[in-house]
Amino acid sequence: MAVVFATLVGILSFLAGILVIGWALTTTVKYTKCPYTGLPLQPAFAIPLPTKQKIYAYLRDFGGFDNRPFRFAKAAFDRESGRIFQDCVDWKGKMELDWTFLLKKYQGQWISWGSLSEEMKRKVKERHSTIDGFQTERSSPEPSPTKVESMYVYTKPGPLYVDINSMVLMGWKLVPDTSVEVLIVQQPDR
(Lines give C-alpha, C1' and ligand atoms only; values in the text may rest on other atoms or scores of the structure.)
Protein backbone atom coordinates (compact mmCIF):
# COMPACT_ATOMS: atom_id res chain seq x y z
CA MET A 1 0.00 0.00 0.00
CA ALA A 2 2.84 2.41 0.85
CA VAL A 3 4.52 1.67 -2.50
CA VAL A 4 1.29 2.42 -4.41
CA PHE A 5 0.78 5.62 -2.45
CA ALA A 6 4.40 6.74 -3.05
CA THR A 7 4.09 5.93 -6.77
CA LEU A 8 0.84 7.89 -6.99
CA VAL A 9 2.38 10.90 -5.22
CA GLY A 10 5.40 10.71 -7.53
CA ILE A 11 3.22 10.61 -10.67
CA LEU A 12 1.07 13.52 -9.46
CA SER A 13 4.19 15.56 -8.60
CA PHE A 14 5.62 14.86 -12.05
CA LEU A 15 2.37 15.93 -13.76
CA ALA A 16 2.17 19.07 -11.62
CA GLY A 17 5.74 19.93 -12.64
CA ILE A 18 4.86 19.51 -16.32
CA LEU A 19 1.82 21.77 -15.87
CA VAL A 20 3.88 24.49 -14.17
CA ILE A 21 6.58 24.37 -16.86
CA GLY A 22 3.99 24.36 -19.65
CA TRP A 23 2.13 27.28 -18.11
CA ALA A 24 5.37 29.28 -17.72
CA LEU A 25 6.39 28.64 -21.34
CA THR A 26 3.05 29.54 -22.88
CA THR A 27 1.97 32.51 -20.78
CA THR A 28 5.22 34.44 -20.76
CA VAL A 29 4.68 36.64 -23.80
CA LYS A 30 7.67 38.81 -24.52
CA TYR A 31 6.79 42.02 -26.32
CA THR A 32 9.29 43.71 -28.56
CA LYS A 33 9.31 47.23 -29.90
CA CYS A 34 8.39 48.44 -33.36
CA PRO A 35 11.50 49.42 -35.35
CA TYR A 36 9.73 52.56 -36.57
CA THR A 37 7.92 53.93 -33.51
CA GLY A 38 9.84 52.27 -30.68
CA LEU A 39 6.51 51.35 -29.04
CA PRO A 40 5.55 47.81 -27.94
CA LEU A 41 4.04 45.60 -30.62
CA GLN A 42 0.80 43.71 -30.12
CA PRO A 43 0.01 40.16 -31.28
CA ALA A 44 -1.65 40.34 -34.71
CA PHE A 45 -4.13 37.61 -33.80
CA ALA A 46 -5.92 40.34 -31.78
CA ILE A 47 -6.83 42.19 -34.99
CA PRO A 48 -10.63 42.00 -35.52
CA LEU A 49 -11.81 39.21 -37.83
CA PRO A 50 -13.37 41.51 -40.49
CA THR A 51 -10.03 43.32 -40.82
CA LYS A 52 -8.17 40.01 -41.06
CA GLN A 53 -10.49 38.93 -43.85
CA LYS A 54 -9.81 42.16 -45.77
CA ILE A 55 -6.06 41.69 -45.35
CA TYR A 56 -6.26 38.09 -46.51
CA ALA A 57 -8.38 39.04 -49.56
CA TYR A 58 -6.05 41.93 -50.42
CA LEU A 59 -2.94 39.74 -50.35
CA ARG A 60 -4.68 36.93 -52.21
CA ASP A 61 -5.79 39.34 -54.95
CA PHE A 62 -2.41 41.06 -55.02
CA GLY A 63 -0.79 37.74 -55.85
CA GLY A 64 2.79 36.66 -56.17
CA PHE A 65 5.00 34.43 -54.09
CA ASP A 66 6.42 37.31 -52.07
CA ASN A 67 3.01 38.72 -51.11
CA ARG A 68 1.11 35.61 -50.13
CA PRO A 69 -1.20 35.63 -47.08
CA PHE A 70 0.48 35.00 -43.74
CA ARG A 71 -0.47 33.45 -40.41
CA PHE A 72 -1.71 36.06 -37.94
CA ALA A 73 -0.54 33.89 -35.03
CA LYS A 74 3.05 34.48 -36.19
CA ALA A 75 2.67 38.22 -36.85
CA ALA A 76 2.89 41.37 -34.74
CA PHE A 77 1.00 44.63 -35.09
CA ASP A 78 1.98 48.21 -34.32
CA ARG A 79 -1.19 50.05 -33.26
CA GLU A 80 0.32 53.50 -33.76
CA SER A 81 1.47 53.10 -37.36
CA GLY A 82 -0.96 50.32 -38.34
CA ARG A 83 1.84 48.16 -39.74
CA ILE A 84 1.77 44.38 -39.55
CA PHE A 85 5.08 42.54 -39.28
CA GLN A 86 5.00 38.95 -40.51
CA ASP A 87 6.83 35.93 -39.11
CA CYS A 88 8.20 37.50 -35.94
CA VAL A 89 6.36 35.52 -33.26
CA ASP A 90 7.58 32.08 -32.22
CA TRP A 91 5.51 29.13 -30.99
CA LYS A 92 5.71 30.37 -27.38
CA GLY A 93 4.37 33.82 -28.29
CA LYS A 94 7.75 35.54 -28.00
CA MET A 95 8.14 38.41 -30.47
CA GLU A 96 11.50 39.16 -32.04
CA LEU A 97 11.75 41.98 -34.53
CA ASP A 98 14.54 44.22 -35.70
CA TRP A 99 15.48 45.92 -38.96
CA THR A 100 16.39 42.59 -40.54
CA PHE A 101 12.65 42.13 -41.17
CA LEU A 102 13.24 43.83 -44.54
CA LEU A 103 15.83 41.23 -45.58
CA LYS A 104 13.66 38.41 -44.26
CA LYS A 105 10.82 39.61 -46.45
CA TYR A 106 13.02 39.94 -49.55
CA GLN A 107 16.83 39.95 -49.95
CA GLY A 108 18.27 43.17 -51.35
CA GLN A 109 20.22 46.31 -50.63
CA TRP A 110 17.33 48.50 -49.59
CA ILE A 111 17.49 52.27 -49.65
CA SER A 112 14.78 54.82 -48.98
CA TRP A 113 12.83 56.21 -51.94
CA GLY A 114 13.42 59.76 -50.69
CA SER A 115 17.19 59.37 -50.96
CA LEU A 116 17.06 58.74 -54.71
CA SER A 117 17.83 61.46 -57.21
CA GLU A 118 15.01 62.58 -59.51
CA GLU A 119 16.79 60.83 -62.39
CA MET A 120 16.97 57.55 -60.45
CA LYS A 121 13.31 57.82 -59.43
CA ARG A 122 12.42 58.25 -63.11
CA LYS A 123 14.45 55.13 -64.03
CA VAL A 124 12.73 53.08 -61.33
CA LYS A 125 9.28 54.28 -62.47
CA GLU A 126 10.12 53.31 -66.07
CA ARG A 127 10.72 49.72 -64.93
CA HIS A 128 7.31 49.44 -63.22
CA SER A 129 3.93 49.80 -64.91
CA THR A 130 2.61 51.44 -61.74
CA ILE A 131 3.80 52.39 -58.29
CA ASP A 132 0.36 53.43 -57.07
CA GLY A 133 -0.29 52.81 -53.39
CA PHE A 134 3.36 53.19 -52.37
CA GLN A 135 4.59 56.25 -50.46
CA THR A 136 6.37 58.44 -53.00
CA GLU A 137 5.46 61.91 -51.69
CA ARG A 138 6.90 62.01 -48.14
CA SER A 139 10.01 59.89 -47.81
CA SER A 140 13.18 60.10 -45.78
CA PRO A 141 16.18 61.56 -47.60
CA GLU A 142 18.34 59.27 -45.46
CA PRO A 143 19.29 56.19 -47.58
CA SER A 144 19.41 53.68 -44.70
CA PRO A 145 15.97 52.39 -43.64
CA THR A 146 17.22 52.20 -40.05
CA LYS A 147 17.86 55.94 -39.93
CA VAL A 148 14.35 57.09 -40.74
CA GLU A 149 13.63 60.47 -39.16
CA SER A 150 10.77 60.78 -36.70
CA MET A 151 8.83 63.09 -39.05
CA TYR A 152 8.39 60.15 -41.48
CA VAL A 153 7.59 57.40 -38.97
CA TYR A 154 3.81 57.88 -38.98
CA THR A 155 3.39 58.79 -42.66
CA LYS A 156 0.64 56.71 -44.28
CA PRO A 157 1.39 54.54 -46.09
CA GLY A 158 4.79 53.76 -44.63
CA PRO A 159 8.17 54.03 -46.33
CA LEU A 160 9.02 52.72 -49.78
CA TYR A 161 12.39 51.08 -50.34
CA VAL A 162 14.23 50.31 -53.56
CA ASP A 163 16.95 47.82 -54.43
CA ILE A 164 18.78 49.77 -57.14
CA ASN A 165 20.57 46.67 -58.48
CA SER A 166 17.38 44.76 -59.26
CA MET A 167 14.89 47.68 -59.34
CA VAL A 168 12.62 45.72 -56.97
CA LEU A 169 10.35 47.82 -54.79
CA MET A 170 9.34 46.95 -51.25
CA GLY A 171 7.08 49.20 -49.28
CA TRP A 172 4.04 49.54 -47.08
CA LYS A 173 0.61 49.68 -48.64
CA LEU A 174 -2.71 50.41 -46.98
CA VAL A 175 -5.18 47.56 -47.09
CA PRO A 176 -8.39 49.02 -48.62
CA ASP A 177 -11.17 49.89 -46.14
CA THR A 178 -8.85 49.45 -43.14
CA SER A 179 -6.22 51.45 -41.29
CA VAL A 180 -3.60 48.69 -41.46
CA GLU A 181 -0.60 48.39 -43.72
CA VAL A 182 1.22 45.36 -45.10
CA LEU A 183 4.69 45.13 -46.59
CA ILE A 184 4.49 44.50 -50.34
CA VAL A 185 7.24 43.42 -52.74
CA GLN A 186 6.87 44.52 -56.37
CA GLN A 187 9.08 43.12 -59.10
CA PRO A 188 9.93 45.28 -62.13
CA ASP A 189 7.90 44.35 -65.19
CA ARG A 190 9.91 46.15 -67.83
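The values are calculated or read from the model by the stated rules, or taken from the named source; none is laboratory data. Everything quoted here is computed from the prediction, not taken from an experiment. Ideal geometry is used to build each Cβ from the backbone, glycine not excepted, and the neighbour counts take in all protein chains shown.
Tabulated data for the structure shown
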read-out: Flag if G93 is farther than 24 Å from V168 by Cα and at pLDDT below 90; value: yes
read-out: Within the stretch 44-71, considering residues that are aromatic (F, W, Y) and under 18 Å from P176 (Cα atoms), the one nearest to the chain's Cα centre (by Cα); value: F70
read-out: Test: residue in the stretch 1-10 that is modelled with pLDDT under 95, in a helix (DSSP H, G or I) and surrounded by 15 or more Cβ atoms within 10 Å (Cβ to Cβ); value: no
read-out: Tally, over the stretch 77-100, of residues that are surrounded by fewer than 18 Cβ atoms within 10 Å (Cβ to Cβ), closer than 16 Å to Y161 by Cα and in contact (Cβ under 8 Å) with a residue 60 or more places away in the chain; value: 1
